[in-house]
1. Within the range 49-72, identify whether any single residue is modelled with pLDDT under 80 and closer than 30 Å to Val247 by Cα, and answer yes or no.
2. Restricting attention to the range 246-268, report how many residues are more than 24 Å from Thr195 (Cβ to Cβ), touching a residue at least 40 places away in the same chain (Cβ under 8 Å) and surrounded by 12 or more Cβ atoms within 10 Å (Cβ to Cβ).
3. Could you check the range 98-136 and list, in sequence order, the residues that are β-branched (Val, Ile, Thr) and open to solvent by 70 Å² or more (accessible area, probe 1.4 Å)?
4. Ala94 passes all but one of (1) open to solvent by less than 90 Å² (accessible area, probe 1.4 Å); (2) at pLDDT 90 or above; which number fails?
5. Given (1) at positive phi; (2) surrounded by fewer than 18 Cβ atoms within 10 Å (Cβ to Cβ); (3) modelled with pLDDT of 90 or more, identify the lone condition not met by Gly242.
6. Which numbered condition trips up Val234, out of (1) part of a helix (DSSP H, G or I); (2) of a type in the set (Val, Ile, Thr); (3) open to solvent by 30 Å² or more (accessible area, probe 1.4 Å)?
7. Among the residues of the range 100-116, is there at least one that is within 12 Å of Ala176 (Cα to Cα), under 44 Å from the mean Cα position of the chain (by Cα) and assigned to a loop (DSSP other than H, G, I, E, B)?
8. Show the residue pairs that are 6+ apart or on different chains and have beta-carbon atoms under 6 Å apart, the first residue being within the range 230-242 and over 18 Å from Pro123 (Cα atoms), the second being in a helix (DSSP H, G or I).
Amino acid sequence: FLLPFFLKENKKRKRAEEGEKASEDQSVSAIQEPPVKAKKIRKKERSGAEKKLSERENALEQADEEEDQKLFQNQVKQKKKASQAITKGVVNSATGATAKQRKRKRVTDEAADRRTVFVGNLPVSCTDQVLKSLFKKYGQIQSIRFRSLIPAEDAVSKKVAAIKHKVHPNAKFINAYVVFKEECDAQKALKENGTEIASGFHIRVDTASKTSSHDNKRSVFLGNLPYDIRDDAVREHFHDCGDVVGVRVVRDRSTGLGKGFGYVLFENTDAVHLALKLNNSVLMGRKIRVQRITDKKKAQKSPDQSRAPKERLDKKKKEKSCSNDSFVGEKATPLKKSTKPKRLKTTPRNKAGKNKKSFGKNQSSKNAR
């Protein structure tokens, strides 16, 4: 009977000890709880400060990065500007150089043209030796170039045709340029203008420079010319009018055929009056048209000059129609008509009513009488 009693007491003791331990643990936990919370609060405070510090540091880093980017962009812009300025300078220098080169080329071309003589209406059989023998007495010749060549074949160029003398069989004449070393020699060579270099070939010698002006007062325009006409045929047609200085028939470069018009230059202006009488004359089966050459610049500047003389003549005629002895009275000044429309006189409504009443009273008084 003792064992179950002892067992019960041991169980009671164990329960009491366990209760004491639990109470102790609770007291210890109650004692230890406040410092844990304080630590948590401190940790939170520290974490908030750290966050602020980290945010500030991040903001400063971003600001530094932005400044670095701005500096880099400014450097890139400055480099671009410098490169653009360099390229502009190079382009300007290049354009200036090209402009200078062009000016120099123009000057050299003009100088070369002044030393160059154009020789037209040459026979196809003409060679360099023939032209040298003709112009060497005026000075030293630098070069001779043949132009207006029609090759015998389409595949052959004009340069090769000139070198090999492979000219089309229907071609009748060619032109050439003779370049002298001195300008004065080229001016002397103009004396050969109109000389007959071969039978039926009177050459036309003129300066190649564009500054040489054509005298329109001593020239006539020819129209409706035959396409296969020669310069000598035109010269013979106008030979009786006066001394012919030069004949120029405008031709196609590729075919050498005429375009149907040309010019004749005379020595004197009197020959122009005689040449105008040959208007509608027949040349190689065609009625040619002969006209004066007018300056286009003058015609454009004064387009109303043709009307001015007519107006002057009309004024003179009106002045002559009124004789000096005839009495001229003073003109009466006409009355000015008013343009405003006349308004009808209308009586106002109040006055009209009064008039009606007075009119009724008068009638009643008359009836009473």
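1. no
2. The first filter runs over the range 246-268 and keeps only residues more than 24 Å from Thr195 (Cβ to Cβ), leaving 252-255, 257, 259-261.
With the extra rule that they be touching a residue at least 40 places away in the same chain (Cβ under 8 Å), the set shrinks to 253-255, 261.
Now drop any that are not surrounded by 12 or more Cβ atoms within 10 Å (Cβ to Cβ), which leaves 255, 261.
The number of residues fulfilling the criteria is 2.
3. Of all residues in the range 98-136, those β-branched (Val, Ile, Thr) come to 98, 107-108, 116-117, 119, 124, 127, 130.
Within the range 98-136, Val107, Thr108 meet the criteria.
4. (2)
5. All conditions pass for Gly242, except number (2).
6. Going through the list (1) part of a helix (DSSP H, G or I); (2) of a type in the set (Val, Ile, Thr); (3) open to solvent by 30 Å² or more (accessible area, probe 1.4 Å), Val234 breaks only (3).
7. Step one: filter the range 100-116 for residues within 12 Å of Ala176 (Cα to Cα), giving 116.
Now restrict to residues that are under 44 Å from the mean Cα position of the chain (by Cα): 116.
With the extra rule that they be assigned to a loop (DSSP other than H, G, I, E, B), the set shrinks to none.
No, there is no match, as no residue in the range 100-116 is within 12 Å of Ala176 (Cα to Cα), under 44 Å from the mean Cα position of the chain (by Cα) and assigned to a loop (DSSP other than H, G, I, E, B).
8. Once the first residue is over 18 Å from Pro123 (Cα atoms) and sits in the range 230-242, its partners that are in a helix (DSSP H, G or I) give Phe238/Ala275; Cys241/Ala271; Cys241/Leu274; Cys241/Ala275; Gly242/Ala271.
The values are calculated or read from the model by the stated rules, or taken from the named source; none is laboratory data. Quantities reported herein were computed from a predicted structural model and do not represent experimental measurements. Virtual Cβ from ideal backbone geometry, glycine too; neighbours counted across all protein chains shown. We work out accessible area using only protein heavy atoms, side chains counted, and drop any ligands, DNA or RNA first. Shrake-Rupley method; radii C 1.70, N 1.55, O 1.52, S 1.80 Å.
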